[in-house]
Amino acid sequence: MDALTIHRWHFAFTVTYHYLFPQLTMGLALLIVLLKTQALRTGCEHYDRSARFWAKIFGINFGMGVVTGIPMEFQFGTNWAQFSKSAGGVIGQTLAMEGVFSFFLESTFLGLFLYGEKRLGPRGHWFSAMMVFLGSWLSGFFIIATNAWMQHPVGYTLGPKGEILLTSFSALLFNPWVGWQYLHNMIGAVVTACFVMAAVGAFYLLSGKHTDYGRTFLRVSVVVGAVATVLMAYPTGDGQGKKLTRHQPVTLAAMEGLFRTTVGAPIVLMGQPDMEKLELDNPLEIPRVLSFLTYNRWQAEVKGLDAFPRDQWPDNIPLLYYSYHIMVGLGTIFIAIMALSALLLRKGQLYYCRPVLWLLMLAFPFPYIANTAGWMTVELGRQPWLIYGLMRTSEGTSSHVSAGNALFTLLGFMGMYALLSVLFLFLVYREIEHGPEEVKT
Amino acid sequence: METLWYCLVAIMIAMYVVFDGFDLGAGILHLHVARSDAERIGVLRSIGPVWDGNEVWLLAAGGTLYFAFPLLYASSFSGFYLPLMMVLWLLVLRGISIEFRNHVEGPIWKPFWDGVFCLSSALLALFFGVALGNVVRGVPLDASSYFFEPLWTDFRLGKEPGILDWYTVLVGIASVLTLTMHGALWVVLKTEGDVQQRARRAALSLWWGLPAITIVVTAVTFQIQPHIPSRLNSQPWGYIFPLLALAGLVGMRWFTKRSRELESFLASCTYIVGMLTSTVFGVYPYVLPSNSDPELGITLYEAAAPIYGLKVGLAWWIPGMLLVTAYFVFVYRHFAGKVKAEEEGYH
């Protein structure tokens, strides 16, 4: 493997692993605020205990998110030095703002939330939960703003030596790319948290313990989840797709497996891209839907890969295509699961319907897969660019860090994260097993 | 404007060392000063609500360095690739040892994480010192303003230095000693009874090492980086920084002897800030000196981002930092006083 490939794996591996944790904590922060709000409104100890239980799960995940997140910021400098040198003046702004505005907020109030319930009183404790939520969602915003600039660079000019000079700070923060991507991403985090909470609730009901809590968890997560899964598809997913159609048409063509420019383009449900023949094997399609989704006209022409020079194509089209289809496919299934559960909840049958409880208990890994596939779609779709249209990925690495040194640290991270995963699963399982009944001192 | 940001980044790094320094030091010492499980929980409680926030200073300083001095960020992070990755691994280990320790009871789990916590804290303190030593000594920059250092070569200060040589290791040891002292004074401040007495005794005996190593490191540094003494001689007002360190050094012993806990901890903060600001003042206007040819060293003017970005940055940095100050004042007041054994807390 050459150095470029290893640097790419290095970032991809560490960021994919890292994002397993924030996607839960960002969503869970919202659900904990809801539980604390209920506690405050009803004055019922039951909701406080529920919130405390989820705060423990949150704490473990947050810790994992922090320790795996610090390497992300550093890797811009260590593995992508040429990129950092050129673009640091721009994206360093949003990354530094994340540190100053959200991490301090988040860590301060999380400390208060976890260690200060008695001293703070119910309102103060609710407020600290709210601030943790705000901090984590702000953090998401700055990261998305950073990514959005790499997807769709704005507010800059090129200097005499080709360096990238920031000219408009507000354009950077209010990049037209940010809005839908941010909402899509954050609601994706809510979906993960809802499925995790529902899985724990279903687990408790099915195993006949902590059943009161199991019901509360199911009720909160299914109500929020039913809304969130729909919002994922429309308007956020739809809005993001339209942005892509306008600004990265070649990415759209690759994602959809559209090799030839087509009038009234179909949407592909299944089929495997064949990169030798440049076609899809055994495609299963619905005619004209892609044209409608992208341009709101059934007969619109959608550009295929053949409309673009080959050096502009994403460099791993099959993986991009599969990531995108896994994300959309799972997203559709999530809507169905949550809609069914919400219907049963409304009829008062959810707590007794064992097949659906089994389904909810076993479904929780899939939102993680869908969120990961979503990020893979965004990042593979941007290839071969590191900054879209401005800097190629191959031009961004650290020139003085050899393949061997990069492989050494990649293997180190893999080993360490394997160990972390074992510990993490062990601890989370213990907490769930232990349940929310009594407070551990 | 560039100089202003040079100072601001230096302040943020100093804040990181002062804040995270005490929990690193507490980590190094806690096996020694806290013997029973309850005592160790006490020490962990004293840093529990704040260590995460303290570590954010590192991230915030890193981010600020990134946008204000992109060339420095790119060059130093890729050049110090190996030790930085190890710092990251240590930060991961240390973070989880604090977070995971109290989840499981038993004779294996807790002592294991206590050991990890101690070792990772000590190695981090060492590595941060080594990093400072590397910057002061200078690095083998080439004409493209990049470099790469192996972990070690022959431990000498030749043309091809490694991250570890006798000088950087010396600075590393000084850093471990300083932060252990800092942590001891924090523990004295935050605990009572046996733990406090042990920490106080440790602080008093450790103190003798500090003036000794400060003098040795300073003398050697003046030899290795003659830019520093020449800066001090050309701008004598800069002597205020070493004097600050000296005052802190004396104050630490003076106040510890008289059991003035808060004052002695603040004296330790003063010592750390004094030493760091002396270094920053001394290497100015370099941000990354070269070890061979001064011409190749990176100055802050070369490393800085264009003026627009620096101005805009100031517009959010100042209110941001005011907020951060408010949080810190609130949290440290909220958790002020001694750690109580029966305090709540779950995570």
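All of the numbers you see were taken from the coordinates with simple rules; none came from a lab. These numbers were taken from a predicted model, which means no experiment stands behind them. Positions of Cβ are generated from backbone atoms using ideal geometry, with glycine treated the same way; all protein chains shown enter the neighbour counts.
Provide the net charge surrounding B:VAL324, with neighbours chosen by a C-beta distance below 14 Å and charges set as Lys +1, Arg +1, Asp -1, Glu -1.
Working: positive: none; negative: A:GLU98, A:GLU106, B:ASP52, B:GLU55.
Net charge around B:VAL324: -4.
Amide H neighbours of A:GLU279 under 5 Å, counting only residues 5+ apart in sequence or on other chains, H built in-plane at 1.01 Å?
A:ASP274
Which of A:ILE57, A:PHE76, A:THR16 sits closest to the plus end of the dipole of the range A:1-139, meaning its Cα is farthest towards the positive end, when Lys and Arg get +1 and Asp and Glu get -1 on the C-beta?
Positive-end residue among those listed: A:ILE57.
Residues of A:398-406, mean number of Cβ from any other protein chain within 10 Å of their own Cβ, rounded to a whole number? Spell out each step's value before the answer.
Numbers: counts 8, 4, 10, 7, 2, 0, 0, 5, 2.
Partner-chain Cβ atoms within 10 Å, mean over residues of A:398-406: 4.
Taking a 30 Å limit on the Cα-Cα distance, which of the listed pairs A:LYS56/A:LYS242; A:LYS85/A:LYS242; A:LYS118/B:LYS110 fall beyond it?
Working: A:LYS56/A:LYS242 40 Å; A:LYS85/A:LYS242 32 Å; A:LYS118/B:LYS110 27 Å.
Distance filter (> 30 Å) returns A:LYS56/A:LYS242; A:LYS85/A:LYS242.
Using alpha carbons only, how many degrees (0 to 90, rounded to 10) separate the axis of helix A:178-207 from the longest principal axis of chain A?
40
What does the charge count near A:VAL227 come to, summing +1 for each Lys or Arg and -1 for each Asp or Glu among other residues with Cβ under 14 Å from its Cβ? It would help to have the intermediate numbers written out before the result.
Values: positive: A:ARG219, A:ARG346; negative: none.
With Lys, Arg at +1 and Asp, Glu at -1, the neighbours total +2.
Working out 0.36 nm times the residue gap between A:GLN272 and A:HIS434, then minus their Cα-Cα distance, what length gain in nm do you get to one decimal? Before the final figure, lay out each step's value.
On the way: separation 162, 0.36 × 162 = 58.32 nm, distance 4.53 nm.
Between A:GLN272 and A:HIS434, full extension yields an extra 53.8 nm.
Local charge sum around A:TRP180 (other residues, Cβ-Cβ under 11 Å, Lys/Arg +1, Asp/Glu -1)? Intermediate results must be reported in sequence, preceding the final value.
Details: positive: A:LYS242, A:LYS243; negative: A:ASP238.
After counting each charged neighbour, the total is +1.
Name the residues whose placed amide hydrogens come within less than 5 Å of the amide hydrogen of B:SER290, ignoring near sequence neighbours (fewer than 5 apart) on the same chain.
The answer is B:VAL139, B:GLY297, B:ILE298.
Tell me, how many Å apart are the Cα centres for the range A:1-64 and for the range A:235-298?
Cα centroid to Cα centroid, the span is 33 Å.
First measure r as the distance between the Cβ atoms of B:LEU314 and A:GLU395, then evaluate 1/(1 + (r/R0)^6) with R0 = 41 Å and state the FRET efficiency to the nearest 0.05. Present the calculation step by step, with values, prior to reporting the outcome.
On the way: r = 31 Å, r/R0 = 0.75.
Approximately 0.85, to the nearest 0.05.
Pop the C-beta distance of B:GLU295 and B:MET1 into the FRET formula with R0 = 25 Å and round what comes out to the nearest 0.05. Intermediate results must be reported in sequence, preceding the final value.
On the way: r = 24 Å, r/R0 = 0.96.
Plugging the Cβ-Cβ distance into 1/(1 + (r/R0)^6) gives 0.55.
Whole-Hz ³J(HN,Hα) for each residue in the range A:66-73, computed from phi via Karplus 6.51 cos²θ - 1.76 cosθ + 1.60 with θ = phi - 60°, x for glycine and proline: what do you get?
Values, residue by residue: 5, 5, 8, x, 4, x, 5, 4 Hz.
Report, to the nearest 10°, how far helix B:2-33 tilts away from the longest principal axis of the Cα atoms in chain B, using its own Cα long axis and a range of 0 to 90°.
Result, in degrees: 30.
Using a 10 Å cut-off on Cβ atoms, rank the peptides A:168-175, B:25-32 from the highest mean neighbour count down. Could you put the intermediate results ahead of the total?
Details: A:168-175: 17.1, B:25-32: 24.6.
The most tightly packed comes first, giving B:25-32, A:168-175.
For the protein assembly as shown, what is the mean residue ellipticity at 222 nm derived from helices alone (per DSSP H run of n ≥ 4: -39500 (n - 2.57); sum divided by total residues; nearest 500 deg cm²/dmol)? Don't skip to the end; give the middle numbers.
Values: 30 runs with 564 residues, N = 788.
So the calculated ellipticity at 222 nm is -24500 deg cm²/dmol.
Counting DSSP beta bridges with both partners in the protein assembly as shown, what percentage is antiparallel, nearest 5? Provide the component values of the computation, followed by the final result.
Working: 15 of 17 bridges.
Bridges in the protein assembly as shown are about 90 percent antiparallel.
Compute the distance in nm between two label points, each set 7 Å from the Cα along the Cα-to-Cβ direction, one at B:PHE112 and one at A:LEU4.
Label at B:PHE112, label at A:LEU4, 4.3 nm between them.
What does the charge dipole of the protein assembly as shown about its Cα centre add up to, to the nearest 20 debye, if the Cβ of each Lys and Arg holds +1 and the Cβ of each Asp and Glu holds -1? Spell out each step's value before the answer.
Values: 52 positive and 51 negative charges, 371 e Å.
Dipole about the Cα centre, nearest 20: 1780 debye.
Which order results if A:SER323, B:SER145 are arranged by neighbouring Cβ count within 10 Å, fewest first? Spell out each step's value before the answer.
Values: A:SER323 23, B:SER145 20.
Going from least to most buried by this count: B:SER145, A:SER323.
Averaged across the residues of B:305-312, what count of C-beta atoms belonging to other chains lies within 10 Å of each residue's C-beta? Could you put the intermediate results ahead of the total?
Values: counts 8, 8, 1, 6, 10, 2, 1, 7.
The shielding value for this peptide is 5.
Going by the alpha-carbon gyration tensor, a ≥ b ≥ c the square roots of its eigenvalues, is the protein assembly as shown rounded (a/c under 1.5) or, if a/c is not under 1.5, prolate (a/b greater than b/c) versus oblate? Write down the numbers at each step before the final one.
Working: a/c = 2.18, a/b = 1.26, b/c = 1.73.
It comes out oblate by the Cα gyration axes.
If I fit a long axis through the Cα atoms of helix B:240-257 and take the longest principal axis of the Cα atoms of chain B, what angle between them do I get, 0 to 90°, rounded to 10?
That helix lies at roughly 10 degrees to the long axis.
Would you mind computing the Rg to Rh ratio of the range B:2-334 from its alpha-carbon coordinates, Kirkwood style for Rh?
Values: Rg = 19.9 Å, Rh = 20.6 Å.
Reported Rg/Rh, Kirkwood definition of Rh: 0.97.
Return the long-range amide H neighbours of A:LEU386 (sequence gap of 5 or more, or a different chain), with a cut-off of under 5 Å between placed amide H atoms.
Long-range HN contacts for A:LEU386: A:MET391, A:ARG392, A:THR393.
Hey, got the average number of other protein chain Cβ atoms within 10 angstrom for residues in B:324-330? Walk me through the intermediate numbers first.
Values: counts 7, 1, 2, 8, 2, 0, 3.
Averaged over the peptide's residues, the number is 3.
How large is the charge dipole for the range B:2-334, taken about the Cα centre, if only the Cβ atoms of Lys, Arg (+1) and Asp, Glu (-1) carry charge, to the nearest 20 debye?
Working: 20 positive and 22 negative charges, 205 e Å.
It comes to approximately 980 debye.
What is the fewest-to-most order of B:ASP23, B:ASP37 by other Cβ atoms lying within 10 Å of their Cβ?
Details: B:ASP23 26, B:ASP37 15.
In order of increasing Cβ crowding within 10 Å: B:ASP37, B:ASP23.
Can you sort B:CYS118, B:CYS7 from fewest to most other Cβ atoms within 10 Å of each residue's own Cβ?
Numbers: B:CYS118 19, B:CYS7 14.
So the residues, fewest neighbours to most, are B:CYS7, B:CYS118.
In debye to the nearest 20, how big a dipole does the range B:258-347 give about its Cα centre with +1 on each Lys and Arg Cβ and -1 on each Asp and Glu Cβ?
Numbers: 6 positive and 8 negative charges, 77 e Å.
Charge dipole, the range B:258-347, about its Cα centre: 360 debye, nearest 20.
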